[in-house]
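So the structure is just underneath, and the comments pick up after that.
The values are calculated or read from the model by the stated rules, or taken from the named source; none is laboratory data. No experiment lies behind these values; they were computed from the predicted model shown. Ideal geometry is used to build each Cβ from the backbone, glycine not excepted, and the neighbour counts take in all protein chains shown. Accessible surface areas use protein heavy atoms only, side chains included; no ligands, DNA or RNA. Shrake-Rupley method; radii C 1.70, N 1.55, O 1.52, S 1.80 Å.
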Amino acid sequence: MKLLLASQSPRRKELLTSLGFEFEVVKIDCEEIVPEHIKVEESAAYLSDLKANAFRSLEKDEVLLTADTVVAIDHQFLGKPSDEKEAKQMLQLLSGKTHQVYTGITIKTSDKTITQTDVADVELDEITDDETKYYIKNYRPFDKAGSYGIQEWLGMAKIKKITGSYYTIMGLPTHLVYKILKEI
């Protein structure tokens, strides 16, 4: 079996390696737009499946893994911030509240496709303006849904409680990936 990881995320590469899988990183170019009729809680799976279907046909011995992570609060989708202002707005919205992190995965072979989503609830402590500025300046969270990475300073300093998988929040529900890949 030749595993193909369709992700440029260093975190996903690290997690898949830590699970003991050998893989090749591939690139998929597709426009990641979620139609308005898709519910927030379904959007990570939708995007993961969209990426998998945009990839070329697979050979018999190939397995493709795609993933997407979505942060939501009060059913509002928080994508990747485009600039410092948007990152600050997102962090202020999350400050002192509980939000959801959905990570969808799609594992595709030449004859089947499995798409699943895992969700984790994350409760954050209050984040001051100075802390927001510090985090944005030092960690530049512009490639992260919801403007933060759990493995960085904000996650260490401000997460009060997690209900669900830490790795789902990090961007890859490792327990699901491992189970499905072992079955294949």
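In segment 67-84, of all residues being β-branched (Val, Ile, Thr) and within 16 Å of GLU32 (Cβ to Cβ), the one that is farthest from the chain's Cα centre (by Cα) corresponds to VAL71. The criterion of at least 1 residues that are closer than 23 Å to TYR46 by Cβ and in contact with a His (Cβ under 7 Å, 6 or more places away or on another chain) is met by none of the helices (runs of 4 or more DSSP H) falling completely within segment 118-176. Among the residues of segment 28-54, the ones that are assigned to a loop (DSSP other than H, G, I, E, B) and either among the hydrophobic types (A, V, I, L, M, F, W, C) or modelled with pLDDT of 95 or more (or both) come to 5 in all.
Please work out which residue is farthest from LYS144 (Cα to Cα), limiting yourself to segment 47-92 and to residues that are hydroxyl-bearing (Ser, Thr, Tyr) and surrounded by fewer than 19 Cβ atoms within 10 Å (Cβ to Cβ). That would be SER57.
From the list LEU93, LEU5, LEU58, LEU50, which one is in contact with a helix residue (DSSP H, G or I) (Cβ under 7 Å, 6 or more places away or on another chain) and farther than 18 Å from SER165 by Cβ? Criteria check complete, one pass: LEU5.
Residue selection: TYR135 satisfies the criterion of being among the aromatic types (Phe, Trp, Tyr), surrounded by 16 or more Cβ atoms within 10 Å (Cβ to Cβ) and more than 27 Å from VAL34 (Cα to Cα).
Taken together, the residues in segment 30-40 that are open to solvent by 70 Å² or more (accessible area, probe 1.4 Å), within 23 Å of LYS144 (Cβ to Cβ) and out of contact with any helix residue (DSSP H, G or I) (no Cβ under 7 Å at 6 or more places or on another chain) amount to 3. Per the conditions (1) over 30 Å from HIS99 (Cβ atoms); (2) not polar (S, T, N, Q); (3) not in a loop (DSSP other than H, G, I, E, B), the sole criterion not satisfied by GLU59 is (3). Among the residues of this structure, ILE107 does not count as one that is in a strand (DSSP E or B), over 22 Å from GLU32 (Cα atoms) and either touching a helix residue (DSSP H, G or I) at 6+ places or on another chain (Cβ under 6 Å) or open to solvent by 10 Å² or more (accessible area, probe 1.4 Å) (or both).
Condition check for PHE142 on (1) among the hydrophobic types (A, V, I, L, M, F, W, C); (2) open to solvent by 20 Å² or more (accessible area, probe 1.4 Å); (3) within 12 Å of the chain's Cα centre (by Cα): one failure, at (3).
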